[in-house]
Amino acid sequence: MKRIFLIFSFSHLLIFSLVAQTLQSPDGHFAMHFALNGQGRPTYRLTLDGQEVIGTSGLGLELKKEQADRQETFDNSKHTDAATIDQKADLMTGFALRSVETDSHDETWTPVWGEESQIRNHYNEMCIRLHQASNDRDMAIRFRLFNDGLAFRYEFPEQKNLTYFVIKEERTQFRMTGNHTAWWIPGDYDTQEYAYTESRLSEIRDRMQAAITPNASQTPAGPTCVQTALMMKSDDGLYINLHEAACIDYSTMHLNYAEETHTFESWLTPDARGDKGYLQTPCQSPWRTIIVGRSGADILASRMTLNLNEPCKIEDTSWIRPTKYIGVWWEMISGRNHWSYTDEATSVKLGQTDYTRLKPSGRHAANTKHVKEYIDFAARHGFDAVLVEGWNQGWEDWFGHEKDYVFDFVTPYPDFDVKAIRDYAAQRGVKMIMHHETSSSVRNYERHLDQAYQFMVDNGYPAVKSGYVGNIVPRGEHHYSQWINNHYLYCITKAAQYHIMVNAHEAVRPTGLCRTYPNMIGNESARGTEYEAFGGNTVEHTTILPFTRLIGGPMDYTPGIFEMDCSKLSPTNHSRVRSTLARQLALYVTMYSPLQMAADLPENYERFLDAFQFIKDVPLDWQRSLYLEAEPGQVVTIARQDKHSQDWYVGSAVGAGGHDTDLRLSFLEPGKKYEATIYQDGKDADWERNPQSYVITKKKVTAKTRLKIHSASGGGFAIKLKLEN
Ligand code: NOJ
Ligand code: CA
């Protein structure tokens with residue numbers, strides 16, 4: 001039911017007395033208090049059962065004064081305070097209330113794929129319409145209060161005095177109530193491929209330098225800037241998560257921390273000129289989200305990010321399918337083989353290099369014979385698809401030159417027979433997954449996109465893994481600015497026209513857009529398994545990702561490594577995968593994704609076929625998900641029911657301390673018998689000393705069964721619970 005209150009404000013006194021507004025969540029536990037402060041600046045405050053979660057925090061934006069401050073905008077360290085902003089640039093203060101609209105919404109929708117087959121979207125809404133008399137401008141702030149937290153966004157109606165405008169900075173604040181514990185990665189305009197730091201908020205500045213482990217792709221945003229989704233826990237046990245939803249035609253938000261007040265403020269990604277957004281009314285910002293719970297499980301169970309996105313815009317979704325795949329990949333990542341065809345050429349110019357005259361290195365993995373072996377393996381073990389990287393010309397000289405012509409996405413190396421592979425895979429019922437490394441030459445990719453997608457359709461590739469390694473070309477643009485965020489979405493929508501599913505690596509971290517465009521079946525956008533071959537991920541990494549990166553959508557984490565010692569693949573690679581084998585199985589349950597890779601080499605799976613069985617069995621699409629244990633850095637245990645049967649699967653990933661789980665199977669259907677197959681760490685398992693020690697047991701269980709399972713340091717377990725007839 002929609003209600004509108006019109007406010008007639010003739011004097012400031014009247015304004016301030018009338019503008020305090022309160023919105024309650026449907027269950028009455030949360031309250032959002034809106035007010036205009038003494039400067040006419042919009043503010044909000046959030047409480048849970050009367051306890052403050054977010055203290056009074058300012059809202060608004062600072063615009064760029066046309067021409068005048070074009071030079072100074074890049075220097076973000078000079079954050080002006082509200083009092084000193086030029087009047088024309090001020091979209092923060094001097095507001096009066098025009099009207100308040102309230103509404104409520106309760107609907108259940110059906111995702112194309114997901115952690116649940118039905119999702120409830122239930123909230124109370126308040127839209128505060130504001131008028132700024134000094135500039136005769138209007139702005140609205142729309143709040144939605146759910147039973148699991150608050151979201152709000154700015155809306156800019158079409159109007160005479162605000163048509164085109166440039167954002168200098170969004171000035172949304174999130175005032176924390178104390179020095180919470182946080183799990184964070186440095187704010188960065190180009191990468192999220194960082195390890196997480198667990199620290200008090202007050203330690204962010206001191207620990208920033210150590211958190212920025214050098215990597216050529218980084219552009220750190222500032223000494224107190226962190227990325228979202230940011231996970232926090234207060235000393236009195238509140239779990240708080242800050243992120244954004246539906247980031248469309250807008251740049252990605254980081255959060256800058258002010259120690260004195262425990263306050264985060266939005267810090268948008270600049271473009272090459274230092275500007276942070278070009279907008280044209282009518283338009284809106286993405287949603288700013290504050291998910292709050294009394295347990296870590298509440299955060300993982302939240303569907304707020306998806307709910308804030310628009311319903312599916314793709315009419316026929318029959319071609320969008322969860323996909324389990326293997327790939328010609330880990331052998332290159334680990335250093336055993338190469339993406340490139342030859343070692344001979346040092347500089348290759350696409351279309352002008354006659355590869356047939358060059359000497360093959362003998363280590364080019366994407367050759368027809370080898371790819372057919374992968375297809376055979378996929379067919380034998382029931383995988384949907386095979387990814388092949390390094391199939392196309394250009395890999396000899398692709399990285400770090402910021403060239404605009406590296407790949408054309410249609411020209412194979414001479415030893416990769418596109419048609420033969422197409423037919424071979426089709427005969428065996430296996431799909432192919434295309435690889436488009438754009439080398440961040442974004443314009444080059446856009447120029448080739450139609451041709452590249454048509455090539456996929458013609459040759460049996462219903463999905464593409466794209467990648468954005470290196471600096472964005474044109475020079476100076478960042479991976480998360482408005483322009484390239486629009487590029488990522490352009491690829492998704494264009495791919496949909498060709499019935500192609502997209503999994504972009506190094507692209508912006510997701511904000512729930514997969515609800516609207518479910519052909520976006522994956523993203524990397526965090527430190528994935530590849531880093532296990534580049535020195536190793538931290539032991540607790542996969543116990544943090546569900547609370548951070550996965551809040552926005554599924555990740556192509558590429559688990560399933562069974563050989564932890566990389567020197568066994570490539571003698572000069574001394575990296576170790578920091579996980580037990582049992583935990584690698586658990587990740588298929590704990591790291592939700594409709595796209596899952598079994599990333600290791602077939603030869604390593606042949607050595608452990610009994611454990612491999614879990615990867616073959618585990619579904620990719622679910623009816624229900626229950627979050628049984630959820631402490632960032634320590635443990636994530638999730639039970640999920642298969643979408644297409646009555647079977648359940650449980651996964652548990654554990655950090656460095658090891659963990660004892662008391663698993664009650666009360667979620668099983670009462671009175672029914674299930675056969676449990678339990679894959680757990682062996683007694684002597686330890687990620688460092690004995691990662692391949694595991695035990696598989698089978699037993700009959702019911703809803704009354706309690707299983708006590710010990711997981712090793714960096715360990716975990718996976719269980720299949722099959723309903724008996
Ligand atoms: C980085 C991606 O994350 C990785 O999966 C890929 O193999 C390389 N880029 C090469 O494109
Ligand atoms: Ca990557």
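The values are calculated or read from the model by the stated rules, or taken from the named source; none is laboratory data. The structure presented is a predicted model; accordingly, all values stated were derived computationally and were not measured. Ideal geometry is used to build each Cβ from the backbone, glycine not excepted, and the neighbour counts take in all protein chains shown. Accessible surface is based on the protein model in full, side chains and every heavy atom, while ligands, DNA and RNA are left aside. Shrake-Rupley method; radii C 1.70, N 1.55, O 1.52, S 1.80 Å.
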>> What are the equivalent ellipsoid semi-axes of region 526-657, built from the alpha-carbon gyration tensor (square roots of five times its eigenvalues), in whole angstrom, biggest first?
In response: 24, 18, 12
>> As a test, work out the antiparallel percent of DSSP beta bridges whose residues both lie in region 355-473, rounded to the nearest 5.
In response: 10
> When the Cα atoms of region 570-725 are enclosed in a convex hull and the volume is divided per residue, what value in Å³ results?
Replying inline: 117
>> Sorted from largest to smallest, which semi-axis lengths in Å does the alpha carbon gyration tensor of region 270-427 give for its equivalent ellipsoid, taking the root of 5 times each eigenvalue?
In response: 39, 26, 17
>> Can you tell me what share of the DSSP beta bridges in the chain is antiparallel? A percent to the nearest 5 is fine.
In response: 85
> Pairs Lys431/Lys465; Lys683/Lys722; Lys324/Lys643: which are spaced more than 18 Å apart, C-alpha to C-alpha?
Replying inline: Lys683/Lys722
> If you take the square roots of the eigenvalues of the alpha-carbon gyration tensor of region 602-688 and sort them as a ≥ b ≥ c, do you get rounded (a/c under 1.5), prolate (a/b over b/c) or oblate?
Replying inline: oblate
> Taking Cα atoms, how many degrees apart are the long axis of helix 368-381 and the longest axis of the chain, rounded to 10 and kept between 0 and 90?
Replying inline: 80
>> Output the 0 to 90 degree angle, nearest 10, between the alpha-carbon long axis of helix 581-590 and the longest principal axis computed from the alpha carbons of the chain.
In response: 40
> DSSP loop trypsin sites (Lys or Arg not before Pro) in region 429-497 with at most 14 other Cβ atoms within 10 Å of their Cβ, which ones?
Replying inline: Arg475
>> Once neighbouring chains are kept in place and the probe is 1.4 Å, which whole percent of the accessible area of the chain is contributed by carbon and sulfur?
In response: 48
> For region 89-182, treating each Cα as an identical point scatterer without solvent, what Debye log10 I(q)/I(0) comes out at q = 0.14 1/Å?
Replying inline: -0.75
> Once the dipole of the chain is set up with Lys and Arg at +1 and Asp and Glu at -1 on Cβ about the Cα centre, which of Gln132, Gln39, Leu601 lies farthest towards its positive end?
Replying inline: Leu601
>> From Cα pairs below 8 angstrom and at least 6 apart in sequence, can you work out the relative contact order of the chain, rounded to a whole percent?
In response: 11
> With the Cα gyration tensor of region 83-130 giving a ≥ b ≥ c as the square roots of its eigenvalues, does the rule (a/c under 1.5 for rounded; else a/b larger than b/c for prolate; else oblate) give rounded, prolate or oblate?
Replying inline: oblate
> Counting other Cβ atoms within 10 Å of each Cβ, which GluC sites (Glu not before Pro) in region 103-175 have at most 13 and sit in a DSSP loop?
Replying inline: Glu158
> Where the only charges are on Cβ atoms (+1 Lys, Arg; -1 Asp, Glu), what is the dipole of region 605-648 about its Cα centre, to the nearest 20 debye?
Replying inline: 100
>> If Rh is defined by the Kirkwood formula over all Cα pairs and Rg also comes from Cα, what ratio Rg/Rh do you get for region 495-546?
In response: 1.07
>> What number do you get for region 341-446 when its Cα radius of gyration is normalised by 2.2 N^0.38 Å, N = residues?
In response: 1.14
> Where the only charges are on Cβ atoms (+1 Lys, Arg; -1 Asp, Glu), what is the dipole of the chain about its Cα centre, to the nearest 20 debye?
Replying inline: 1200
> So what J values fall out for region 144-161 if you push phi through Karplus, 6.51 cos²θ - 1.76 cosθ + 1.60 with θ = phi - 60°, rounded to Hz, Gly and Pro as x?
Replying inline: 10, 10, 9, 6, 10, x, 10, 9, 8, 8, 8, 10, 10, x, 5, 6, 5, 9
> For the peptides 200-207, 505-512, 530-537, what is the packing order when you average, over each peptide's residues, the other Cβ atoms within 10 Å and list the highest mean first?
Replying inline: 505-512, 530-537, 200-207
> Over all pairs of distinct alpha carbons, what does the Kirkwood formula give as the hydrodynamic radius of region 397-540, in Å?
Replying inline: 16.2
>> Which one, His499, Val371, Pro474, is farthest towards the positive end of the dipole of the chain when Lys and Arg carry +1 and Asp and Glu -1 on their Cβ?
In response: His499
>> Taking 8 Å as the Cα distance limit and 6 or more residues as the minimum spacing, I'd like the relative contact order of region 567-725 as a percentage.
In response: 30
> Per residue, how much space in cubic angstrom lies within the convex hull of the C-alpha atoms of region 463-616?
Replying inline: 130
> Can you give the calculated 222 nm mean residue ellipticity of the chain, where each DSSP H run of n ≥ 4 adds -39,500 (n - 2.57) and the sum is split over every residue, rounded to the nearest 500 deg cm²/dmol?
Replying inline: -4500 deg cm²/dmol
> Where the Cα atoms of region 641-698 are projected onto their three principal axes, how long is each span, largest first, in whole Å?
Replying inline: 41, 20, 19
> Just how far, in whole angstrom, is region 272-306 from region 617-631 if you go by their alpha carbon centroids?
Replying inline: 24
> Relative contact order (percent) for region 675-725, with alpha-carbon contacts under 8 angstrom and 6 or more residues of separation?
Replying inline: 52
> Any idea what log10 I(q)/I(0) is at q = 0.16, 0.25 Å⁻¹ for region 504-578, Debye with uniform C-alpha scatterers and no solvent?
Replying inline: -0.62, -1.10
> What are the trypsin sites (Lys or Arg not before Pro) within region 632-725 that DSSP puts in a loop, where the Cβ has at most 13 other Cβ atoms within 10 Å?
Replying inline: Lys672, Lys683, Arg689, Lys704
>> Checking the a/c ratio against 1.5 first, then a/b against b/c, what shape does the Cα gyration tensor give for region 195-299?
In response: oblate
>> From the Cα trace of the chain, what convex hull volume per residue do you get, rounded to a whole Å³?
In response: 159
> Considering amide H positions built from the backbone, and no H for Pro or chain starts, which residues 5 or more places from Gln646, or on another chain, come under 5 Å of its amide H?
Replying inline: none
>> Charges at C-beta only: +1 for Lys and Arg, -1 for Asp and Glu. How large is the resulting dipole of region 649-725 about its Cα centre, in Debye rounded to 20?
In response: 480
> Picking from Thr269, Val328, Ser302, whose Cα lies most toward the positive end of the charge dipole for region 240-371 (charges on Cβ: Lys, Arg +1; Asp, Glu -1)?
Replying inline: Val328
> Can you give the direction-averaged projected area of the convex hull of the alpha-carbon atoms in region 292-362, in nm²?
Replying inline: 10.9
> Distance from the Cα centre of region 461-521 to that of region 385-439, in angstrom?
Replying inline: 18
> What length, rounded to one decimal in nm, is gained on full extension from Glu402 through to Asp235, with 0.36 nm per residue of separation minus their alpha-carbon distance?
Replying inline: 55.4 nm
> Pairing the Cα long axis of helix 418-427 with the longest principal axis of the chain, what angle in degrees results, from 0 to 90 and rounded to the nearest 10?
Replying inline: 80
